[in-house]
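Working notes, structure below.
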Amino acid sequence: MHYTTFHFSTKEFMNHNTWNTFYKDTKQLQKPAQAHQLLSQSDINHLQVLLIDVLNGFLNKGQHHIGMKIYIDSELRNDYILKLVEHPPKVGESLEEWSHQIFGEQKFGMILIGLEQYSNAFAEKAASLVSPLLKTAGMPVHGLSFLFFMGNYGFTPFGIHKEATGEDGILFHLGPENKQFYTWDDPKFNALDHNTQVFHNVSEMISEGEEYILEPGDAMFIPHYVYHIGNTSEFSSSVVLDYINPPKDQFENDLIQATGEQGLKNHVNYEKPIEIEATPALWNQLIDIQSVQRKMELVLSRNILKLRSNGGLARKSIRNHATMPSDMNANFKGLSIFPLLFEVQTDDSVLIFARGHQMVVKNHPNLIELINRLNNGATISVSLVHSLLGPAWDLIDVFSFLQELFSKDAIEIDN
């Protein structure tokens, strides 16, 4: 039996202990709970800078009708997105300075989902921050995703609500001002299905809720079945982690659909015509349950390897178009938070999982050694890769392999 040992620095150990305490306080992600100072000031500063990168990534992508909502005085006003396009945030500009140029003194709220798909740098920071949670609580089968709230909008514009079934949330408050948060962990509310009822009579219900005061650096866990609302009266921003474990039937249905989309084929056996008067018992003989199960197990295995290779993030990394150095002495290193994983398909081919992507490469006896070196943080050069994998891999194979990893942000240049 193989055991994996995790080694923590003093800072990582303290952070891991904080996450463990938070996990216990939530009753293993079952009850609302607050964690004080889960993020350091350095983390807050870094995330605020990265949110500028996220916003520019969103604006540059061009699909502005997907993922963002803007509210002015609690009214949905997505026409303001055009103003964002015309006046994107600049590097070095604070979120508050930039938003004031767009919205002035108005009460506004901005929400953007899927942050990790707009910035690989944000994805790396986010995966690093929550890695202690995955070590403690496990990786959700539908992965992790992030969104943010920003503004001075007062109460959440869409009222007292609950998240989609199976989507538990952890809100990281970045400040600079405090945020009030209210939960209604009550059986009469918990029993209501998601989307069946949203409450806008906040002033009437607020006295029944449990109040939390979130300071910058604090975190708040909200189970998917608990109604909640935030109150951000002064400009602040918060990043929310969606920890997604779908209902069993949804998980099975999604897996069945993914299995069909994979197009796994075995043209050895062919179906025979069925008698036109055959009974349902004979129809069922057309289904080879073992064959279907093998295909679903393969797709499930690959889905999990994609998630693990991407630090648990549901969305794979953004492919970049940068060209890696063509120097034989150029050095690279892997990213420990994003391990390279593999599935040996045949004696001749291996399926590599890198940042949620899949790539097929030629098999080689030393390929696993190379992957292990990268996963362990070793620096490698092009010439070292060639010495390990040659002569079966020529220089074109070596450069193509490294370029694919580089373009997926699975390795980085080590100067």
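We did not get these values from a lab; they are worked out from the coordinates using the rules stated. Remember, predicted model here, so these are calculated numbers, not experimental data. We place every Cβ from the backbone using ideal geometry, glycine too, and count neighbours over all the protein chains shown.
For the reader, a short list of remarks on this structure follows.
- As computed over the chain, the Cα convex hull volume per residue (Å³): 206
- Local net charge near Leu192, Cβ-Cβ under 11 Å (Lys/Arg +1, Asp/Glu -1): 0
- Sequence of Val385, Val239 once ranked by neighbouring C-beta atoms within 10 Å, starting from the fewest: Val385, Val239
- Charge tally around His224: other residues with Cβ under 9 Å, Lys/Arg +1 each, Asp/Glu -1 each, net -2.
- Distance between the C-alpha centres of region 208-248 and region 113-190: 6 Å, rounded to the whole angstrom.
- Against the empirical 2.2 N^0.38 Å (N residues), region 255-309 has a Cα radius of gyration ratio of 1.48.
- Using alpha carbons only: equivalent-ellipsoid semi-axes of region 10-244, gyration tensor based, whole Å: 26, 23, 16
- Dividing the convex hull volume of the alpha-carbon atoms in region 141-298 by its residue count gives 168 Å³ per residue.
- Counting neighbouring Cβ atoms within 10 Å and putting the fewest first, the residues Glu75, Glu163 line up as Glu75, Glu163.
- Taking 7 Å steps out from each Cα toward its Cβ at His321 and Glu412 produces label points 2.3 nm apart.
- Using every pair of distinct Cα positions in region 302-415, the Kirkwood expression returns a hydrodynamic radius of 14.0 angstrom.
- When the alpha carbon coordinates of region 145-216 are projected onto the principal axes, the ranges are 35, 31, 18 Å, largest first.
- Fully extending the segment from Leu395 to Asn284, taken as 0.36 nm per residue of separation minus the present Cα-Cα distance, adds 34.7 nm.
- Set of aspartates and glutamates with alpha-carbon distance to Lys69 below 12 Å, sequence-local pairs under 8 removed: Asp79
- Region 10-244: relative contact order in percent, alpha carbon pairs under 8 Å with at least 6 residues between: 29
- The orientation-averaged projection of the convex hull spanning the C-alpha atoms of region 19-118 amounts to 8.1 square nanometres.
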